Amino acid sequence: MTARMDNRFAALKSEGRPALITYFMGGDPDFDTSLGIMKALPAAGADIIELGMPFSDPMADGPAIQLAGQRALKGGQTLARTLELARKFRESDDETPIVMMGYYNPIYIYGVDRFLDDALAVGIDGLIVVDLPPEMDDELCIPALKKGINFIRLATPTTDDKRLPAVLKNTSGFVYYVSMTGITGSALPDPSLVSGAVNRIKGHTSLPVCVGFGVKTADHAKAIGAAADGVVVGTAIVAQIAGSLTKDGKAGPDTIASVATLVRGLATGVRAARLVAAE
Amino acid sequence: MRFSMPSQPRGAKAYEELRVNQTPKPNSFRSGPDEDGRFGIFGGRFVAETLMPLILDLQGEWEKAKNDPAFQKELADLGAHYIGRPSPLYFAERLTEHLGGAKIYFKREELNHTGSHKINNCVGQILLAKRMGKTRIIAETGAGQHGVASATVCARFGFPCVVYMGATDVERQAPNVFRMKLLGAEVKPVTAGSGTLKDAMNEALRDWVTNVENTYYLIGTAAGPHPYPELVRDFQSVIGKEAREQILEAEGRLPDLVVAAVGGGSNAIGIFHPFLDDESVQIVGVEAGGRGLEGVEHCASITAGSPGVLHGNRTYLLQDRDGQILEGHSISAGLDYPGIGPEHSWLHSTGRVEYVPIMDQEALDAFQTLTRLEGIIPALEASHAIAEVIKRAPKMRKDQIIVMNLSGRGDKDIFTVGKILGVEL
């Protein structure tokens, strides 16, 4: 596996705090702005970057991320350009882990082997592919692990103890616990339920367990981060980008800065999380 | 380093290699899918983890129901007394005379309760939903035929029903929208994308992933994640089983040609499947050629698409070089889907079934021809199959036989056709 992911989680462990994992859509609203956002994330406090790969039919996403994908595609984003985004980011940052997240078809059409080679070459550390459950591991998961790219699986409230071992079997990097049955951007569930679920998963794996879906504010991040090894924020960031655009959908003067401000706030949340847990 | 796009989709290329080198002729064309839901390289279970446990439950329940005599009896009773089965196999005498070639028979699925073959599948799946203890039904619809059939069985069995329908389709299929509402269903217009069937399916999947605990997704076509393609096919195969017996009864032999229109492909697989191992029977699926195959204004997934992954299965899709799904076009809302059921993709790859396109205009002409010659107003979907029959019958001998699935009636389409013909209704 690429070392960046494990190094980052080891460092966070010694700091005694959970990771802040930030999602944005590659190419939203255009390539250059998107690259600016990506570069601003680590300085604002993001520990791991989830780089969204736009897809025309995002079946597990709510309206905010659907629209982000449409903006990116309209701006000419392709899978090749999303890889290019990562390559440019790596010119100045070789430490922050990058996880590409999206749906399988664009990767399948690009060609699985060619995609994995190119992803490795530009410094991708992991993949999250929503529509590839363990039953489909031969498609991309096993080839990715063989090449040394982490395959991060989603576990959900419907993943019971009987099924968890199958879900965790070929998972590496971290486990992404989806806090609810639903699409991205729904309301955050009760943090106590989430911590119960995180502990349940930890009973089955030594991998870090990160939680996403519904985390929008520093307070959410703090509450979820008390039990989880990482907190994923996506829709809030994507919505911040959408809100900063001009009327015709172009990047506004504050687009990059406003995302950085939001992420700085979320970062204070994860940094306060374990203080709560220790109380 | 720069990344350029490949000159053609890699999936397609890999597939062509597979096709040449590895697609063996199976012993039977009727034994699929395998336990992972695959028909060759097609099919599978490409869904979010949230849905996986439910899909496995559904598969288990289906295995049990298939072999449960009580389930089969309830299905057969509803078929006979609620749907009106068996549907007639009708010799289209005047159309046959008019074309001057092969004898043409229609399997009259348009005479079913609710006016199309869709009800066969809905009755079967509602019984499964009941067995699974689900309390809420969701469905997607294009032309509204599946939405109406879903709303119908939900009324009959007392389930709340939500139907997702593209906003464009809500507009062009107003009578069916009203029908669904009369039946007590909630119709949710979907504005995402181009507001047609694919977008309705995305939205239904989003609902399902949110309400997975109590909700049953009643998919209308032989596509989606395993076991849907298999169970929808099995519920629709009653069409072919009856047709095969009926033609043997009427003519004392099997037909030379079986024809059906293909959107997602449930009426087609329903009539094809029982004939697949009859070597002497040629089988043709008719795709929507729309305004022509050169551009993107068609829905001919097999004729002009390439293999990809969408809505839970690998199958032929209309997509660009980046794997983004394209919006199709067809005069018929029921064929307006950029994919096709995975079993059809496999039947194409093995060469067992031939898939051909029919253009909007040809379908429209066939619609009028049949109406005038036989006194049957066909659905625009079925009109595509009629157009292919009109092309082929004159080239066949008079002692040859064609069986075509007349999958739906055209009452719902009179507004669309009227508009094109310049008639104010």
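Observations on the structure shown:
- FRET efficiency, A:THR268 to B:ARG136 (Cβ-Cβ, R0 51 Å, nearest 0.05): 0.75
- Among beta bridges that DSSP assigns inside chain B, antiparallel share in %, nearest 5: 30
- Electrostatic dipole magnitude of the stretch B:127-200 [Cβ: Lys, Arg +1; Asp, Glu -1; Cα centre; debye, to 20]: 380
- Alpha-carbon radius of gyration plus Dmax, which is the widest Cα pair, for the stretch A:3-272 in Å: 17.0, 51
- Under 10 Å, Cβ to Cβ, from B:GLY265 - net charge with Lys/Arg +1 and Asp/Glu -1: -1
- Once C-alpha pairs closer than 8 Å and six or more residues apart are averaged by separation and normalised to the residue number of the stretch B:95-245, the relative contact order reads 25 percent.
- Rounded to the nearest 100, the interface formed by chains A and B buries 3700 square angstrom of accessible surface, both chains summed, with a 1.4 Å probe.
- The share of accessible area on the stretch A:1-47 that comes from carbon and sulfur is 50 percent, using a 1.4 angstrom probe.
- Between the amide H of B:GLN319 and those of B:SER306, B:LEU326, distances stay under 5 Å, these residues lying 5 or more places away or on another chain, with hydrogens modeled in the peptide plane.
- Comparing the stretch B:252-293 with the 2.2 N^0.38 Å rule of thumb, its C-alpha radius of gyration ratio is 1.31 (two decimals).
- Here the sum of -39500 (n - 2.57) over DSSP H runs of 4 or more residues, divided by the residues of the protein assembly as shown, equals -13500 deg cm²/dmol at 222 nm, to the nearest 500.
- Net charge of neighbours whose Cβ lies under 15 Å from the Cβ of A:LYS250, counting Lys and Arg as +1 and Asp and Glu as -1: -2
- Interchain or long-range residues, amide H under 5 Å from A:ALA155's placed H: A:TYR176, A:TYR177, A:VAL178
- Rounded is the label for chain B, because the ratio a/c of its alpha-carbon gyration tensor axes (a ≥ b ≥ c) stays below 1.5.
- One decimal place: the segment B:LYS64-B:SER31 gains 10.1 nm when fully extended, by the rule 0.36 nm per residue minus the C-alpha distance.
- Counting heavy atoms of the protein chains alone, A:VAL198 has an accessible area of about 0 Å² for a 1.4 Å probe.
- DSSP-defined antiparallel bridges as percent of all bridges, the protein assembly as shown, nearest 5: 20
- Proximal lysines to A:LYS247, defined as alpha-carbon separation beneath 17 angstrom and excluding residues fewer than eight positions away on the same chain: A:LYS74
- Two-decimal ratio, the stretch B:171-296, of alpha-carbon radius of gyration to 2.2 N^0.38 Å: 1.32
- Bridgeable lysines around B:LYS398 (alpha carbons under 20 Å apart, same-chain partners fewer than 8 residues away excluded): B:LYS103, B:LYS107.
- Average Cα contact separation per residue, the stretch A:3-272, under 8 Å, 6 or more apart, as relative contact order %: 23
- Ranking A:SER179, B:SER280 by solvent-accessible area of protein heavy atoms (1.4 Å probe, all protein chains present), from largest to smallest, gives B:SER280, A:SER179.
- At q = 0.23 Å⁻¹ the log10 of I(q)/I(0) for the stretch A:1-121 amounts to -1.39, computed by Debye summation with a single uniform scatterer per C-alpha, solvent ignored.
- Per residue value of the accessible surface for the stretch A:3-272 (all protein chains in place, 1.4 Å probe), Å²: 33
- Average other protein chain Cβ within 10 Å of Cβ, residues A:46-56: 2
- Relative contact order %, chain B, counting alpha carbon pairs below 8 Å whose residues are six or more apart: 21
- Accessible heavy-atom area order of B:GLU388, B:GLU97, B:GLU297, highest first, probe of 1.4 Å: B:GLU97, B:GLU297, B:GLU388
- Cα-based shape type of the stretch A:152-258, given that a ≥ b ≥ c are square roots of the gyration tensor eigenvalues and the cut on a/c is 1.5: prolate
- Listed residues A:PHE9, B:PHE39 arranged by accessible area, highest first, probe 1.4 Å: A:PHE9, B:PHE39
- Note on B:ARG244: accessible area approximately 70 square angstrom, rounded to 10, probe 1.4 Å, nucleic acids and ligands left out.
- Å² of accessible area per residue within the stretch B:224-273, as computed with a 1.4 Å probe and no ligands counted: 23
- Average partner coverage of B:316-326, which counts Cβ from other chains inside 10 Å: 6
- Reach of B:LYS25 by Cα under 12 Å, taken over aspartates and glutamates that are not fewer than 8 positions away in the same chain: B:ASP277
- Three principal axis extents of the protein assembly as shown based on alpha-carbon atoms, in descending order, are 85, 53, 51 Å.
- Pairs from the table (A:LYS147/A:LYS216; B:LYS134/B:LYS188; A:LYS162/B:LYS66; B:LYS130/B:LYS241; B:LYS73/B:LYS188) lying more than 30 angstrom apart at Cα are A:LYS147/A:LYS216; B:LYS73/B:LYS188.
- With all protein chains modelled, accessible area of B:ARG131 [1.4 Å, Å²]: 90
The values are calculated or read from the model by the stated rules, or taken from the named source; none is laboratory data. Only a predicted model underlies this, so the values are computations on that prediction, with no experimental measurement involved. Glycine gets a Cβ as well: all are built from the backbone with ideal geometry, and neighbour counts include every protein chain shown. Areas reflect the complete protein model, heavy atoms only, side chains present, ligands, DNA and RNA absent. Shrake-Rupley method; radii C 1.70, N 1.55, O 1.52, S 1.80 Å.
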